[in-house]
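We did not get these values from a lab; they are worked out from the coordinates using the rules stated. Remember, it's a predicted structure, so these values are computed and weren't measured experimentally. Using ideal geometry, Cβ is built from the backbone for each residue, glycine included, and neighbour counts are taken over all protein chains shown.
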Amino acid sequence: MDTIELQMPDENIDHEALHEALGSLYRDSMLIPASRGVAILATACMLQLDELIQQCGEVMKETVSPQTVCSYYYSAESYGLQNIRSMCLQWLLDNRMTQCSEELLREVSLDLMKEVIASSDLLVMEVEMDVYTMLKKWMFLQLQPTCRGLRSALLSDTNSWFARSRRESEGNPYLETEQGRAFVSVFQQLRELAYPLRDEQTRKLWPMDVYVSDRQGNSMRCGGQLRRDKQCSWRWEGLNFSWDPVVCYANQHIILRCSALNESCGFSVSLLWKRKVAFRLCQASLDSAGRSVFRKDTGYQMLSLREDEELQVLNLENQDVVFPIYLSCNFLYLYRQGHYPEGGPLQKSSEN
């Protein structure tokens with residue numbers, strides 16, 4: 001036969017990929033462009049060419065970027081490359097809030113976005129409300145995939161579209177409509193103050209067993225960016241701790257300080273006694289493609305400060321830090337014994 005027709009079981013496999021994969025059997029190595037990585041990986045998996053599969057994985061590690069991360073993630077999940085899947089997920093956790101291009105938002109599926117938003121490792125810029133804003137824009141682009149416009153106008157277009165949808169549905173929020181219910185599981189991953197601090201009215205301090213639980217996703221996520229090695233500080237507002245955490249950077253040290261709120265709130269308490277929360281701070285430096293080149297994590301620690309007290313939480317002296325650096329912080333609720341949420345404590349410690 002001059003022509004042999006083959007039915008490929010995978011739509012990622014094309015004529016060129018089959019030619020390249022079979023040709024790899026006759027040479028020691030081959031050049032795999034990033035744009036061809038998924039097609040060649042799919043073909044290598046069909047033909048069970050283990051060395052070529054490994055080579056595709058190495059190329060993906062070196063070329064993950066905003067343009068490739070989603071396609072690499074989906075192919076790694078399909079073809080069983082768990083290390084590549086984990087790498088792409090980490091890239092999205094590090095860059096989802098900083099790489100906000102329309103094309104990337106379009107490519108993130110519902111299941112992938114749910115996994116990203118559910119993670120406590122998501123690097124949030126500013127506060128949780130910014131995650132909600134990003135999700136609104138993502139949902140709009142999922143519903144209107146052909147929409148094209150200026151990036152600066154995306155939020156305005158998003159708000160206008162959902163306002164019109166609400167008018168057409170007689171005032172019902174979009175997530176309560178039949179079409180909108182598909183997105184509810186993603187928005188449910190947003191963090192909120194589900195469990196206020198206990199014993200707000202008492203001034204007495206006594207030995208307490210502290211139960212730290214992140215299993216229910218109740219940690220609040222905050223973040224910020226240090227563009228250069230220069231002294232600076234900022235405040236994360238609206239965490240309902242009766243004080244706002246202030247982050248200070250000076251001389252390669254990162255410090256948390258307790259600062260009183262300017263206005264009273266529903267959970268206001270006397271500022272004469274210490275507030276107890278648990279926190280974790282992660283610092284990451286990313287290269288121009290969004291890949292992590294340096295990372296340092298404090299792990300969860302107890303934070304018990306009076307007004308204007310300070311705590312040094314991270315020392316970056318003699319570290320290979322590359323600016324800009326990103327800071328991500330998780331604040332967890334503390335429960336007295338018998339008061340932690342359903343599901344039990346994840347970790348137990350004590351403080352006298």
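Assorted remarks:
- Region 7-80: relative contact order in percent, alpha carbon pairs under 8 Å with at least 6 residues between: 31
- Listing E107, E58 from fewest to most neighbouring C-beta atoms within 10 Å gives E58, E107.
- Converting phi to 3J(HN,Hα) with the Karplus coefficients 6.51, -1.76 and 1.60 and the offset θ = phi - 60°, region 104-110 yields 5, 4, 5, 7, 7, 6, 4 Hz in sequence order, with x at every glycine or proline.
- Residue ranges 281-288, 168-175 sort as 281-288, 168-175 when ordered by packing (mean number of other C-beta atoms within 10 Å per residue, highest first).
- Extension gain for Q188 to Q225 (0.36 nm times residue separation, less C-alpha to C-alpha distance): 10.7 nm.
- Projecting label points 7 angstrom from Cα along Cα→Cβ for L31 and C147 puts them 4.1 nm apart.
- Scaled radius of gyration (Cα, divided by 2.2 N^0.38 Å) that region 68-150 gives: 1.08
- Counting Lys and Arg as +1 and Asp and Glu as -1 over every other residue whose Cβ lies under 13 Å from the Cβ of A289, the net charge comes to -1.
- Ratio Rg/Rh, restricted to region 1-84 and using Cα atoms, in which Rh is the Kirkwood radius: 0.97
- Pairs with C-alpha atoms separated by more than 26 Å, drawn from the list K61/K137; K61/K296; K114/K137; K136/K296, are K61/K137; K136/K296.
- Computed Rg/Rh of region 101-190, alpha carbon atoms with Kirkwood Rh: 0.95
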